[in-house]
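The values are calculated or read from the model by the stated rules, or taken from the named source; none is laboratory data. Remember, it's a predicted structure, so these values are computed and weren't measured experimentally. Counting neighbours? That spans all protein chains shown, and the Cβs are built from the backbone with ideal geometry, glycine included.
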Amino acid sequence: MPDLGSETKKKERRKKNQELPMKKSPASLFFALMAIAEVSYGGPRTSVSYSVVTEIVDGGGGRASGGSYSQEGSVGAIGGNSAVVSPAETVKAGYLGQITEVTGLVVTASTLSVNETASTPLAAWQRLDDDTLVALAGSSASWSVSAGPLVIDGNGLATAGVVYENTLATGQASYGGFSGSVGLTVVDSIADNFGSYAGDGLGDDWQVRYFGLNNPQAGPTMDPDGDGQNNLFEYTAGLVPTDANSRFQLSIQAVAGQVGQMRLSFRPVVAGRSYVVVAKGSLSGGGYAPLSNGSAPVDTGAERVVIDQSASGAAKFYRVEITK
């Protein structure tokens, strides 16, 4: 006869086993999920270049913080705010609308060098706390010049003034309680257009260097050092117009043992200049012409030597033409 009691007991045990999972309460599931979340969000985090250890995690895994960082993440880690103390950086990701704050104002120029009398547009940008930039309309900012020969109109168009040498200038913009600036170089692109020295054939930078501003002694026909060479010649030859010892000299000597040859030496030879020795047989008529049979020039320091190999005539006159 079958043991009906034993069979019934087996069925009861199977029934009880099937019901065991249903006896866990929602609270038990919540704490289990909490344990999983704590392991997932609260443990060490690493990458190729750093690792951080989370000290504090809230119940939903939303906020994690450490000694030098904090992170606020949404459940499921699909977005959030991340901040680093040093260097100060903030990343806000995963939001339908970005949450940002303005931290400063940046001013840029289409070029950092502008020729005198020319113009270049400036632009103002709001810098946000995620290090992105938002452009402002040119007329939105208040524009000013903090240094240098520059004029900026209400739309941010900067126009350079006239200068006698390359000159630094700084343009500035203000908006919403913030200000920013950009440095420009005004280039001395026109050599002879500055103030009272304009159009006289001399470089304005040279005149200001040796005579200062608006000095009558800086004129091209003036000879302030009294050495017989005027400012125009000294400028062309690369001399110092206020030093009588700074003068151009030409020496003519016969070549020993060489009949019909003359040694021509002149100084100083200055970089950025070209020198041509010219001659003629009489002062009364005709023009000077380059030597037809002159040797190749030889430089010794600041002195240049040229040999005229056709100096057999009764007389010959020489000069050196200098071009800057």
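Summary table below
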| read-out | value |
| --- | --- |
| Filtered residues of the stretch 117-128 (kept if in contact (Cβ under 8 Å) with a residue 60 or more places away in the chain and under 18 Å from the mean Cα position of the chain (by Cα)) | Thr120, Leu122 |
| Total residues in the stretch 122-134, condition loosely packed, with under 14 Cβ neighbours inside 10 Å and modelled with pLDDT of 95 or more | 0 |
| Condition check for Thr185: under 30 Å from Lys324 (Cα atoms) and of a type in the set (S, T, N, Q) | yes |
| In the stretch 298-310, the residues that are over 16 Å from Gln249 (Cβ atoms) and either within 45 Å of the chain's Cα centre (by Cα) or not in a strand (DSSP E or B) (or both) | Val298, Gln309, Ser310 |
| Scope the stretch 156-198; condition touching a residue at least 40 places away in the same chain (Cβ under 8 Å) and in contact with a helix residue (DSSP H, G or I) (Cβ under 6 Å, 6 or more places away or on another chain); matching residues | Tyr164, Glu165 |
| Single residue of Phe266, Phe211 found to be over 25 Å from Lys316 (Cα atoms) and among the aromatic types (Phe, Trp, Tyr) | Phe211 |
| Meets criteria (modelled with pLDDT of 95 or more and of a type in the set (A, V, I, L, M)) for Ala137 | no |
| For Ser146: the one exception among (1) more than 11 Å from Gly171 (Cα to Cα); (2) modelled with pLDDT of 95 or more | (1) |
| Subset of the stretch 234-263 [closer than 30 Å to Ser196 by Cβ and touching a residue at least 40 places away in the same chain (Cβ under 8 Å)] | Tyr235, Thr236, Ala237, Gly238, Phe248 |
| Of residues in the stretch 203-219 being surrounded by 15 or more Cβ atoms within 10 Å (Cβ to Cβ) and assigned to a loop (DSSP other than H, G, I, E, B), the one farthest from the chain's Cα centre (by Cα) | Gly219 |
